[in-house]
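The values are calculated or read from the model by the stated rules, or taken from the named source; none is laboratory data. Since the structure is predicted, the reported quantities are computational estimates derived from the model, not experimental observations. FYI the Cβ positions are ideal-geometry reconstructions off the backbone, even for glycines, and counts take in every protein chain you see.
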């Protein structure tokens, strides 16, 4: 069978499961099977594929048909300027979250040496991207999930920045190490009652620990703000990713804990997504 036929058949299978990105997904999975870049696949559609590779390709297509996200199937996701290892223990990095990295680099443009903490480090995509961009920065990442810590360690090794970061398995409530110039967090902020409305790929496969924000969506955000007020240095920055409808409530929580609101930024869909504040 040639590559074109295998991809066309796979695309029909995915389309029957209401997967809109069927062609793109099929090409990505064929790239995984043949260990080639996607442009090679597109330019070599008439080449034959051996039976072993075809069987492997069909296996991956079956996984995708079940709703399993592409990033989990191939084990990686591109974010900012690097490819990050991901698995079921961590949220898949989203393009909207690159807004957080962009904003951090803007507010730290003239800073050379900062101590940075990320609460809920996950794959490390935010913190590691910042540390790679800012050579003089050092970081600490904490997460409740040992699975997340292991994935983050893999990404630290891959990006060759192990001399710049420490990791701890810890809830923010129990973390008391250090004082920080900058604290970052993309905490769970979805209401428990709204989880069932998430896309199938998300609710079925991504970790609920990283999604469930409690009854009002703010339970983890409250913890982060409360503890950050003690861990952050005076005039330090707190950068929070929040839900699209949480701006006013989160701003109120920040002000109650002594933070001045610098700005609220919108995501690619023009929803409120990131709040930058300063400890006063």
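Side notes on the structure shown:
- Residue within the stretch 94-112 that is farther than 30 Å from residue 234 by Cα and touching a residue at least 24 places away in the same chain (Cβ under 8 Å) present: yes
- Members of the stretch 213-223 found to be surrounded by 21 or more Cβ atoms within 10 Å (Cβ to Cβ) and in a helix (DSSP H, G or I), listed by number: 220, 221
- You will find that of 253, 268, 195, 209, the residue that is at negative phi and not in a helix (DSSP H, G or I) is 268 and no other.
- Out of 151, 184, one residue alone is surrounded by 19 or more Cβ atoms within 10 Å (Cβ to Cβ) and in contact with a helix residue (DSSP H, G or I) (Cβ under 9 Å, 6 or more places away or on another chain). It is 184.
- Selection from the stretch 246-260 of residues that are surrounded by fewer than 14 Cβ atoms within 10 Å (Cβ to Cβ) and within 21 Å of residue 99 (Cα to Cα): 248, 260
- Leading residue by the ranking (nearest to the chain's Cα centre (by Cα)) among those in the stretch 177-192 that are closer than 30 Å to residue 106 by Cβ and in a loop (DSSP other than H, G, I, E, B): 186
- Some residue of the stretch 229-245 being surrounded by 14 or more Cβ atoms within 10 Å (Cβ to Cβ), in a strand (DSSP E or B), out of contact with any strand residue (DSSP E or B) (no Cβ under 6 Å at 6 or more places or on another chain) and assigned by TED's automatic domain parsing to the domain that holds residue 120: no
- Residue selected from the stretch 1-31 under the condition closer than 19 Å to residue 43 by Cβ, surrounded by fewer than 17 Cβ atoms within 10 Å (Cβ to Cβ) and at pLDDT 95 or above, by the criterion farthest from the chain's Cα centre (by Cα): 2
- Whichever residue in the stretch 34-53 is touching a residue at least 12 places away in the same chain (Cβ under 8 Å) and touching a helix residue (DSSP H, G or I) at 6+ places or on another chain (Cβ under 6 Å) and, among such residues, is surrounded by the most Cβ atoms within 10 Å (Cβ to Cβ): 41
- Among the residues listed as 124, 120, the single one being modelled with pLDDT of 95 or more, buried (at least 16 other Cβ atoms within 10 Å of the Cβ) and in contact with a helix residue (DSSP H, G or I) (Cβ under 6 Å, 6 or more places away or on another chain): 124
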